[in-house]
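**Q** One structure is given below, represented as structure tokens, and several questions about it will come after.
The values are calculated or read from the model by the stated rules, or taken from the named source; none is laboratory data. In this text, all values refer to a predicted model and were calculated from it rather than measured experimentally. Heads up, the Cβs are rebuilt from the backbone with ideal geometry, glycines too, and the neighbour counts pull from every protein chain shown. Side chains are part of the model used for accessible areas, which takes the heavy atoms of the whole protein and leaves out ligands, DNA and RNA. Shrake-Rupley method; radii C 1.70, N 1.55, O 1.52, S 1.80 Å.
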Amino acid sequence: MKKRLYLELENCIGCRSCLAACTQCGGHEERNRNYVYDVNPLVNRQTMPLMCLHCENPACARSCPAQAIQIHETGAVLSALVEKCIGCQNCTIACPYGIPKFDTEQNLMYKCDLCIDRTKDGIPPMCASVCPSNTLQWLTDEEIENKKKQFNLDNGKWVTSMPYLEGETNVKVNLPGILQGITKLY
Amino acid sequence: MQRDKFFKEIENLNHPNEKLIKTHCSYCGMQCGMNLRVNIQTNKIIGVEPRYDWPVTVGKMCPKGVTAYQQTNHKDRLLKPLIREDASLKGTTEGFREASWDEAYDLIAKKFTELQTEYGKDTLSVFSGVSMTNEKCYLTGKFARVAMGTRYIDYNGRFCMSSAAGGFLRSFGVDRGSTLPWTDIHETDCLFIAGSNTAECHPTSMFRIWNVQERGGYIIVVDPRETPIARRADLHLDLQPGTDLALANGIVNQLIELGYIDEEFINNHTDGFEETKELVKEFTPEYTSMLTGIAPEKIIRAAELYGKAPNAVVMFARGVEQQHKGVDNVSGYTNMALVTGKIGRPKSGVATFTGQGNGQGGREHGQKSDLLPGYRKITNPQHVKEVCQVWGITPEEMPQPGVSAYEMFELMEEKTIRGLYLLCSNPAVSAPNQNFVRKALKTLDFMVCSDFYLSESAEFADVVLPAVTWSEDEGTVTNIEGRIIKINKAQEPVGESKPDWQIQVELAERLGRGKQFSHLKSARDVADEFRLATKGGNADYYGATWDKIEKQDGVFWPCKDENDQGTPHMFLDKKFYHPDGKAKICALPYRPPAEEPCEKYPLRLTTGRVVYHYLSGNQTRRIPFLHDMCPEPFVEVHPETAAKYNMEHEERVRLFTRRGEAIYKVKITEAIRKDTVFVPYHFGHEDSINLLTIAALDPISRMPEFKACAAQLEKVEMKKVQ
Ligand code: SF4
Ligand code: SF4
Ligand code: SF4
Ligand code: SF4
């Protein structure tokens, strides 16, 4: 059953375990490929992860003059191929969310590959495996549908999707606010 | 067992040439399940893989857990024993030379014997810790009493869990940190969480805690800071540090006033209600507000939300426990559950967030100055007799009770204690009033330290013994829930390092106590003797065999025999452990913190953890990812307070109290009270906030008041800092 990365930004506690775990996926050369931001550092402790959304029509890949960014059959937008990447950094500018990172020493772009060694076999990516708060989850489409219903999201207001994003994405995101529609138990 | 909605069947990724060893994290009481990745050619640990099949944490880990494996083959590991002859170098890393185990053992045996011949048995002391297996904790207690023959043994739980223990013993007659399994937490309707920065200190509880809100339940958080969990809580009670007991009394008062009490439960299963009712009358919302700084309507609302909840759990941690009235705070909050009868059934109860990996098990089996295995008392002749039978000594040989951790430093300073065997702890960072503690350590005639890195405390030692990390030995640990779990060995010890149980057996032989120790040839041998020694005690582990633990995904104590599956929920029969079977509702007069702000020291200083570090930081500060995320301490200050002192974000300032001072970077945040400043305690030497903290001890638990003292801030000239 196909599963997707699903983000519930309301839950993030800023522990950066997702970053630590990203370095631990065998193929990642111990470099992490996502970001966690302090939303309002002098005011409160709100944080949120910024992840590659694995766009269906990825601007990063489109912008690449050397076809170094491949799209896996699962939909994962892979990290640059070492032998093809020419280090032009077009992708870092093209990505609407600033995801691809650049290694100046190697003259090579690297980005989240959705832990392709794991996810191609249905094993959750490292970040979603460890995330202690369930900000990052690995869910079936059915489970994501249920989330929409649970959080009264059918108005599309809280879910990041068209028209709020640049294009359709494989990763699904819920912005903060999911609790607003919840009916209290008592 | 206990596979809930968060549990998913997931195959692990198996890399070629690797095997996975199932175990648990080395750090906090959550004891998250993890697999260590071991290269089958080199037989070395090379990484971590989530353990999806562990029912409590289903693969989740915080960044400490993810990187924990990097401790084992770290470049800073101690590979051989170290000896230092030049005592003038104590307190530094200088002057150590490598030695053989034989030489180190001979020296220790000689010095210990000399000191005891001249000054008596009790001139030696043991200071231990609970970040190690039950087997090691058990044997350390036996080693102190039987091999060293001293009364002076105590442990770092006095800086961690002892107030929770004292409070639970008084309220319930038994000290199991949680009355219910963690797999109940997300199913309750209201969580009342006091003094726990859960998101940073027990992060893998968070998916269950958030789920309470997703289901429409409530989260109430009590904390002087707006921690990540307080930020999203339905209600944040932002109290002044050190005023918990007033709040607890105020809420109990409102529970009574608003009619949320369970009279039948109170009448049949508790004592002390009338007295308590009388005492809390004074704690009206207004009076409580005056003492705590929390708005009266918030106090009423908290009582309503907790009182109305069909099921609710009261939880707390070091924030309420590390006070000189920590035990009263624990019993005070526990009163909430007892007057409303929200205990002794699934999804309702009381729990403390255990700090250290084995904070629960390690405090039950005889490392505490007055305890023996199975939570037996050294002052109870019958208990002593039972343990002596297992140990093969006569009751006359059993030493008297000793003193608490901090008080041992006082005895060192006055030369009553002249020798120290320190293991699994780093008091030169973690004890309060460091200037005094470091002086006491320097005063010692002879000190042995066992650790796997050269900790700040090891810098005071004459002999340093290289111990193993958690991944190079096996044994059991009792997690936050009271569930006994199995730690497995993933690689052979690095260098010449040895597990502490083996060190103790070999040392005991040198000290002429081979008869009581030589039969212990493996961790499993220790485990078998340990289980036997707990048999019949309150914390009875006899039935918790390693096989049963593996088969059942852990065993909750008490577990009395082969057929007993253990006790996930406590008090389901509404029987408490006091002789009359009743729980005690405690009438607790309020007292303010030992040191209140004054003109000279107008701020309240409180201390705590960050998510990236564990305890004294001796382990986590060496891990590159964790170091990069939080390389140095800081002082959190509210912007209005910072403005008053004319201080900028990231400016270096001097923070001082009556006991000491340190320079910290200012971290400005609105997420703290204006009258309070916060500093994390994971850092050593001149960065240690414990240079400033106060050694005001709880009369019952002997817990120091880490969480509240009076302080002042001052700008410093940049020149001075350099
Ligand atoms: S692991 Fe989860 S909670 Fe922690 S920072 Fe990443 S997204 Fe946030
Ligand atoms: S989010 Fe950015 S990096 Fe990721 S696929 Fe889309 S365009 Fe590419
Ligand atoms: S999916 Fe994998 S590669 Fe992408 S951020 Fe998560 S851990 Fe890193
Ligand atoms: S430190 Fe605690 S929460 Fe973090 S991984 Fe280890 S046991 Fe789990």
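**Q** Among the strands (runs of 3 or more DSSP E) contained in the range B:104-198, which hold 3 or more residues that are closer than 29 Å to B:TYR577 by Cβ and either touching a Phe, Trp or Tyr at 6+ places or on another chain (Cβ under 7 Å) or of a type in the set (S, T, N, Q) (or both)? Explain how you work it out, then say what you get.
**A** Values: elements: B:124-128, B:152-155, B:190-194.
Because the criterion is at least 3 residues that are closer than 29 Å to B:TYR577 by Cβ and either touching a Phe, Trp or Tyr at 6+ places or on another chain (Cβ under 7 Å) or of a type in the set (S, T, N, Q) (or both), the strands (runs of 3 or more DSSP E) in the range B:104-198 that meet it are B:190-194.
**Q** Taking the condition more than 24 Å from A:GLN106 (Cβ to Cβ) and either within 16 Å of ligand 1 (Cβ to nearest atom) or out of contact with any helix residue (DSSP H, G or I) (no Cβ under 9 Å at 6 or more places or on another chain) (or both), does A:LEU5 pass? Steps first, answer last, please.
**A** Numbers: more than 24 Å from A:GLN106 (Cβ to Cβ): yes; either within 16 Å of ligand 1 (Cβ to nearest atom) or out of contact with any helix residue (DSSP H, G or I) (no Cβ under 9 Å at 6 or more places or on another chain) (or both): yes.
Against the criterion (more than 24 Å from A:GLN106 (Cβ to Cβ) and either within 16 Å of ligand 1 (Cβ to nearest atom) or out of contact with any helix residue (DSSP H, G or I) (no Cβ under 9 Å at 6 or more places or on another chain) (or both)), A:LEU5 qualifies.
**Q** Same structure, new question: Just wondering, is there one or more residues in the range A:13-20 that are within 16 Å of ligand 2 (Cβ to nearest atom) and either among the polar types (S, T, N, Q) or facing chain B (nearest Cβ under 7 Å) (or both)? Can you show your working first?
**A** Our first condition is that a residue be within 16 Å of ligand 2 (Cβ to nearest atom); within the range A:13-20, this holds for A:18.
Still in the running and either among the polar types (S, T, N, Q) or facing chain B (nearest Cβ under 7 Å) (or both): none.
No: zero hits.
**Q** Kindly indicate whether A:ASP113 is away from ligand 2 (no atom under 13 Å from the Cβ) and not small (Gly, Ala, Ser).
**A** No, not satisfied.
**Q** May I ask you to list the residues in the range B:196-228 that are within 9 Å of chain A (Cβ to nearest Cβ) and among the polar types (S, T, N, Q)?
**A** B:THR198, B:THR204, B:SER205, B:ASN211, B:GLN213, B:THR227
**Q** Which one is modelled with the highest pLDDT, of the residues in the range A:140-167 that are within 14 Å of chain B (Cβ to nearest Cβ) and surrounded by 14 or more Cβ atoms within 10 Å (Cβ to Cβ)?
**A** Looking at the filtered set, the residue picked out is A:GLU143.
**Q** Please find, within the range B:306-321, the residue that is nearest to the other protein chains (Cβ to nearest Cβ) out of those that are of a type outside the set (Gly, Ala, Ser) and open to solvent by less than 10 Å² (accessible area, probe 1.4 Å).
**A** B:TYR306
**Q** Kindly list the number of the only condition in (1) within 16 Å of ligand 1 (Cβ to nearest atom); (2) open to solvent by 20 Å² or more (accessible area, probe 1.4 Å) that fails for B:THR117.
**A** Single failed check for B:THR117: (1).
**Q** Check B:ILE193, B:ILE153 and return the single one that is in the same structural domain as B:ILE251 (by the TED database) and more than 24 Å from B:LYS575 (Cα to Cα).
**A** The conditions single out B:ILE193.
**Q** Got a sec? Which strands (runs of 3 or more DSSP E) wholly within the range A:1-107 have at least 3 residues that are buried (at least 17 other Cβ atoms within 10 Å of the Cβ)?
**A** A:3-8, A:47-50
Residue by residue, here is whether (1) farther than 30 Å from B:GLU670 by Cα; (2) in contact with a Ser or Thr (Cβ under 7 Å, 6 or more places away or on another chain); (3) of a type outside the set (Lys, Arg) holds:
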| residue | (1), (2), (3) |
| --- | --- |
| B:ARG232 | no, no, no |
| B:PRO241 | no, yes, yes |
| B:ASP244 | no, no, yes |
| B:TYR260 | yes, yes, yes |
| B:ASN268 | yes, no, yes |
| B:PHE273 | yes, no, yes |
| B:GLU278 | yes, no, yes |
| B:PRO296 | no, yes, yes |
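**Q** Consider B:PRO373 carefully, then state whether it is more than 24 Å from B:PRO704 (Cβ to Cβ) and touching a residue at least 60 places away in the same chain (Cβ under 8 Å).
**A** Here the answer is yes, as B:PRO373 does meet what is asked.
**Q** Another question, then. Condition first: open to solvent by less than 10 Å² (accessible area, probe 1.4 Å) and either away from chain A (no Cβ under 11 Å) or in contact with an Asp or Glu (Cβ under 7 Å, 6 or more places away or on another chain) (or both). Now tell me which residues in the range B:229-238 satisfy that.
**A** First, the residues of the range B:229-238 that are open to solvent by less than 10 Å² (accessible area, probe 1.4 Å): B:229-230, B:237.
If the condition is that a residue be open to solvent by less than 10 Å² (accessible area, probe 1.4 Å) and either away from chain A (no Cβ under 11 Å) or in contact with an Asp or Glu (Cβ under 7 Å, 6 or more places away or on another chain) (or both), then B:ALA230, B:LEU237 are the ones that fit.
**Q** Moving on. Could you grab me the full set of residues in the range A:108-121 that are more than 8 Å from chain B (Cβ to nearest Cβ) and either open to solvent by 40 Å² or more (accessible area, probe 1.4 Å) or closer than 30 Å to B:PRO55 by Cβ (or both)?
**A** Just the residues of the range A:108-121 that are more than 8 Å from chain B (Cβ to nearest Cβ), to begin with: A:108-116, A:119-120.
Selection gives A:CYS112, A:LEU114, A:CYS115, A:ILE116, A:THR119, A:LYS120.
**Q** Among the residues of the range A:106-120, is any more than 16 Å from ligand 3 (Cβ to nearest atom) and farther than 25 Å from B:VAL48 by Cα?
**A** Taking every residue of the range A:106-120 in turn, at least one turns out to be more than 16 Å from ligand 3 (Cβ to nearest atom) and farther than 25 Å from B:VAL48 by Cα.
**Q** Would you pick out the residues in the range B:187-214 that are open to solvent by less than 10 Å² (accessible area, probe 1.4 Å), more than 16 Å from A:THR135 (Cα to Cα) and over 18 Å from the mean Cα position of the chain (by Cα)?
**A** Residues satisfying the conditions are B:THR188, B:CYS190, B:LEU191, B:PHE192.
**Q** Here's another thing I want to ask about it. For the range B:35-66, which positions are closer than 23 Å to B:SER497 by Cβ and within 21 Å of the chain's Cα centre (by Cα)?
**A** Across the range B:35-66, the qualifying residues are B:LYS64, B:GLY65.
**Q** Separate question: Here are some conditions: (1) within 14 Å of ligand 3 (Cβ to nearest atom); (2) in contact with a Cys (Cβ under 6 Å, 6 or more places away or on another chain). A:LEU53 meets all but one. Which one does it not meet?
**A** So the condition that A:LEU53 fails would be (2).
**Q** A follow-up question, please. Tell me, please, whether a residue that is open to solvent by 40 Å² or more (accessible area, probe 1.4 Å), more than 9 Å from ligand 3 (Cβ to nearest atom), of a type in the set (Gly, Ala, Ser) and within 14 Å of chain B (Cβ to nearest Cβ) can be found in the range A:124-139. Working first, answer last.
**A** So in the range A:124-139, the residues open to solvent by 40 Å² or more (accessible area, probe 1.4 Å) come out as none.
No, the conditions are met nowhere in the range A:124-139.
**Q** Search the range B:433-447 for residues that are closer than 20 Å to B:GLN116 by Cβ and touching a residue at least 24 places away in the same chain (Cβ under 8 Å) and pair each with any residue that is in a helix (DSSP H, G or I) and open to solvent by 30 Å² or more (accessible area, probe 1.4 Å) when their beta-carbon atoms are under 8 Å apart and the residues are at least 6 apart or on different chains.
**A** That search, which allows pairs on different chains as well, returns B:ALA440/B:GLU410; B:ALA440/B:GLU413; B:THR443/B:GLU413; B:ASP445/B:LYS111; B:PHE446/B:LYS111.
**Q** Of all the helices (runs of 4 or more DSSP H) wholly in the range B:293-382, which have at least 3 residues that are hydrophobic (A, V, I, L, M, F, W, C) and in the same structural domain as B:ILE229 (by the TED database)?
**A** Here the list reads B:296-308, B:326-340.
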